[in-house]
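No value in this document is a laboratory result; all are computed from the given coordinates. Since the structure is predicted, the reported quantities are computational estimates derived from the model, not experimental observations. When we count neighbours, we look across all protein chains shown, and the Cβ atoms used for this are built from the backbone with ideal geometry, even at glycine.
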Amino acid sequence: MIYFTHKELLVKIFLVIISLFVPKILFGQTGFSQLENELQIYLKEKKTACIGTIIKHKDEIVFETYLGVKNLETGDKINGETLFRLASLTKPIISVAILKLIDQNKISIEDKVVDYLPQFNSAKYYQHNGGNSTEILIKHLLTHTSGISSPLMGDEQSKLYLKLHEDNGNSLKNLVDGISQIPLAHKVDERFSYGYSTDVLARIIELISFMPLDEFLAEEIFVPLGMNDTFYRVPQNRKSDFASLYEQNNDSLKLVELNSESLYMSERNYPRGSTGMISTVKDYLKFAQFILKKGKIGDTQLISQNLMEKLFKNQLPTKLVPLKVGSVEWAGLGFSYGFSVSYEENAMGKVPGTIGWIGASHTYFFIDPTNELIGIAFSQFQGFGKFTLPWEFNKMVYDALGF
């Protein structure tokens, strides 16, 4: 047996304490302080009005910060309760809701869309002289290879989709009825046409569940995950938490939508699939954590692990990889069921196997299953301009962590 003097024992205890805490202290000072400084630069250079970020590593929140303001005029600062427009980060939630129905054996990924929406039986190709289309399956909607397009794609149908909002923009049912009348951009699995396929999925959720979309999501996703701050409309008692939307105007920011006058305050923002949700950084972290845990919340397997694992694997045909959105090729990326999938290092995923996505309001998240790492960065900026955080945040996180 080895004996220590009182002095030697105190020294050893001190060394143990130092070994436990000094790396964390240095880590925070060097890595995360630098990260926060980099985020502050976006604000100082007037590239955006606000940034909310959170990083979770191995079940521990290691970084969380809320910078900037909800409204440049009032100067109200953002915080953990701030509500952000998710834009296309709505799509992953809808895709997971479909997996929930698949897990319940209420629908199959190989089911034909016309079995639920007969109006798509007459779908035609736009670029094939009106020829009949190959039948669209649920999996084609999940991977955006159905031929259903959107204004974003810049194809011949873009103008038709813009007009669609004018004529059918008052309910999900009317929107999807309108989508069914627009010729498809291509055969299924011929191209990746990002856009309104997720709205069709949302309508199918309503038809199968016999519930309005928002009620189904609340019952099957939000309540089980404790997502109490995710909505389609800003609640009356949360108006002060909603951030305004800005865009670039030369070297300054221009107001696009004032928080107090937003569409998200009214009934006009009906529940749909491709966009429309609002949430907090912390609430979306709960969703991302659920994905990282492959469908498990606490001790409950809410969606089967085998099904959730498909989110981490490219589901596109080989010829459609790397991912191409419109005319822009995204090197190193494939796509699963509502999520991008990194198959090699790229701006959205340094580590292969990372999944995530970007919203048009400059909302971004990634999930790295290899390192059990989640990163979320939300802003409220429209357009491209000089604000490039969603394409830089992934690298910034790994640099801060020293990975």
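Which GluC sites (Glu not before Pro) in the range 249-318 sit in a loop by DSSP (not H, G, I, E or B) and have at most 12 other Cβ atoms within 10 Å of their own Cβ? Walk me through the intermediate numbers first.
Values: sites: Glu257, Glu261, Glu267, Glu309; in loops: Glu267.
When the GluC sites (Glu not before Pro) of the range 249-318 are filtered for loop state and at most 12 Cβ neighbours within 10 Å, Glu267 remain.
Using θ = phi - 60° and the Karplus form 6.51 cos²θ - 1.76 cosθ + 1.60, what ³J(HN,Hα) does each residue of the range 112-117 get, whole Hz, x for Gly and Pro?
With coefficients 6.51, -1.76 and 1.60, one gets 7, 4, 5, 5, 10, 10 Hz.
Can you compute the modelled spin-label distance between Gln301 and Lys159, with each label point 7 Å from Cα toward Cβ, in nm?
5.3 nm
Please tell me which of these pairs span more than 29 angstrom C-alpha to C-alpha: Lys239/Lys395; Lys112/Lys324; Lys139/Lys239; Lys139/Lys159; Lys293/Lys350; Lys286/Lys350? Display every interim value, and only then the final one.
Values: Lys239/Lys395 34 Å; Lys112/Lys324 25 Å; Lys139/Lys239 38 Å; Lys139/Lys159 26 Å; Lys293/Lys350 20 Å; Lys286/Lys350 22 Å.
Flagged as over cut-off: Lys239/Lys395; Lys139/Lys239.
Quick one, can you get me the convex hull of the C-alpha atoms of the range 309-403 expressed as volume per residue in Å³? Don't skip to the end; give the middle numbers.
Details: hull volume 9.2 nm³, N = 95.
Convex hull of Cα atoms, per residue: 97 Å³.
Contour minus end-to-end for Asn250 and Lys173, with contour as 0.36 nm per residue of separation and end-to-end as the Cα-Cα distance? Intermediate results must be reported in sequence, preceding the final value.
Numbers: separation 77, 0.36 × 77 = 27.72 nm, distance 4.01 nm.
Result for the pair: 23.7 nm of gain on full extension.
According to a simple spin-label model (label point 7 Å from Cα along Cα-to-Cβ), what is the distance in nm between Leu207 and Gln236?
It works out to 3.6 nm between the two label points.
Return the aspartates and glutamates within reach of Lys163: Cα separation strictly under 17 angstrom, same-chain partners fewer than 8 residues apart disregarded; answer none if there are no such residues.
Once the sequence-local aspartates and glutamates are set aside, what remains near Lys163 is Asp155, Asp177, Asp199.
Pull up all non-local amide H partners of Cys50: gap of 5 or more, or a different chain, and H-to-H distance under 5 Å with H placed in the peptide plane.
Placed amide hydrogens put Val69, Gln380 under 5 Å from Cys50.
How large is log10 I(q)/I(0) at q = 0.14, 0.20, 0.24 Å⁻¹ when the Debye formula is applied to the Cα atoms of the range 97-209, each weighted equally and without solvent?
Scattering profile of the range 97-209, log10 relative to I(0): -0.51, -1.05, -1.47.
Just grab the label-to-label distance for Ala360 and Ser108, each label 7 Å out from Cα along the Cβ direction, in nm (one decimal).
A separation of 3.5 nm, rounded to one decimal place.
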